[in-house]
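Report on the structure given below.
Throughout, read-outs are computed from the coordinates displayed, never taken from laboratory work. Source: prediction; values computed, not measured. Don't worry about glycine lacking a Cβ; one is built from the backbone with ideal geometry, like all the others, and counts go over all protein chains shown.
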């Protein structure tokens, strides 16, 4: 059990990051619908960064899980 603590914690943190990103995306849609396209675009750029790193995070967690 102790060997799997780090991958489990990282998985939970990753799940939280995904949930926060989904919530922020909804807020970006709401902001854009009220005419602030520049702010919405900036938020989406930040969300794109999260998307680009998601695969690396998933692969790292999978590798840690296999080691334990």
For 5-14, 49-58, ranked highest to lowest by mean beta-carbon neighbours within 10 Å, the order is 5-14, 49-58
In degrees, nearest 10, range 0 to 90: what is the angle between the Cα axis of helix 5-33 and the longest Cα principal axis of the chain?
10
Correct semi-axes for the range 2-67, from √(5λ) of the alpha-carbon gyration tensor and rounded to whole Å with the largest first, are 32, 11, 5
